[in-house]
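*Asks:* Dumping the structure here so I can ask a few things about it.
The values are calculated or read from the model by the stated rules, or taken from the named source; none is laboratory data. Just so it is clear, the structure is predicted and the values come from calculations on it, not from any experiment. So basically every Cβ, Gly included, is an ideal-geometry build from the backbone, and we count neighbours across all protein chains shown.
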Amino acid sequence: MMDLPDPTQQIWWHGGRAPLDAIDWHHPVNGGLHLGTLAQARHRGRFLSAFRVRPGSTFLRTRDEHDGWAKNARRWKRSAEGAIYLNRTEGIQDLSIDWGRVDRLSDEAFAKAVPEAAFSLCVWRPHALVGLSTEEAQAALTDLMEPA
């Protein structure tokens, strides 16, 4: 089984086509906020917001079902602040991937076949998040852009 990242130990990014003004926390299926790496956020749009997860928040481990969230979302939302999953779409730039083959793989095998795949969160409860100030987000971006 793959090791999960501790969601409280990193900065999570949201990207959109417009500034993040309101979140529909109550939508029965997709209500909440989708967060991931900077590359995943940029895949979704150029307007970026940065967050940290509050310690003690609980996240269900699930598989990225693409459009299959609807069948479980209502039940999941009763037991956790959100879900954590290996994102099989956003942030992946390799266009030569045979998606018909790799998408059926376990998360562990998928991560080996697609090394740039990274975990994402879907957060359903606002109290699980702390938004970063513009200065904190800018500092995080600067740290990501500096060569190692």
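*Asks:* Just wondering, is there one or more residues in the stretch 72-95 that are closer than 17 Å to Gln40 by Cβ and more than 17 Å from the chain's Cα centre (by Cα)? Break it down into steps so the answer makes sense when it comes.
*Replies:* Residues of the stretch 72-95 closer than 17 Å to Gln40 by Cβ: 82-95.
Checking the rest, the ones that are also more than 17 Å from the chain's Cα centre (by Cα) come to 94-95.
There is at least one residue in the stretch 72-95 that is closer than 17 Å to Gln40 by Cβ and more than 17 Å from the chain's Cα centre (by Cα).
*Asks:* Also, I was wondering about something else. I'd like to check something: does the stretch 57-70 contain any residue that is closer than 19 Å to Asp3 by Cα, within 14 Å of the chain's Cα centre (by Cα), surrounded by fewer than 18 Cβ atoms within 10 Å (Cβ to Cβ) and among the basic types (Lys, Arg)?
*Replies:* Checked against the condition, which is being closer than 19 Å to Asp3 by Cα, within 14 Å of the chain's Cα centre (by Cα), surrounded by fewer than 18 Cβ atoms within 10 Å (Cβ to Cβ) and among the basic types (Lys, Arg), the stretch 57-70 yields at least one hit.
*Asks:* Go through the stretch 74-97 and count every residue that is over 20 Å from Pro55 (Cα atoms) and either polar (S, T, N, Q) or surrounded by 10 or more Cβ atoms within 10 Å (Cβ to Cβ) (or both).
*Replies:* Step one: filter the stretch 74-97 for residues over 20 Å from Pro55 (Cα atoms), giving 74-75, 86-97.
Of the ones still in play, those that are also either polar (S, T, N, Q) or surrounded by 10 or more Cβ atoms within 10 Å (Cβ to Cβ) (or both) are 74, 86-94, 96-97.
The total comes to 12.
Conditions (1) closer than 21 Å to Trp13 by Cα; (2) modelled with pLDDT under 90, marked per residue:
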{"residue": "Ala39", "(1), (2)": "yes, no"}
{"residue": "Phe59", "(1), (2)": "yes, no"}
{"residue": "Arg63", "(1), (2)": "yes, yes"}
{"residue": "His66", "(1), (2)": "yes, yes"}
{"residue": "Lys71", "(1), (2)": "no, yes"}
{"residue": "Trp76", "(1), (2)": "no, yes"}
{"residue": "Ile84", "(1), (2)": "yes, no"}
{"residue": "Gly91", "(1), (2)": "yes, yes"}
{"residue": "Gly100", "(1), (2)": "no, yes"}
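*Asks:* Please count how many residues of the stretch 118-148 are over 24 Å from Arg54 (Cα atoms) and outside any helix (DSSP H, G or I). Break it down stepwise before answering.
*Replies:* Residues of the stretch 118-148 that are over 24 Å from Arg54 (Cα atoms), as a first pass: 145-148.
Retained after the next criterion (residues that are outside any helix (DSSP H, G or I)): 146-148.
Residues flagged as over 24 Å from Arg54 (Cα atoms) and outside any helix (DSSP H, G or I) within the stretch 118-148 amount to 3.
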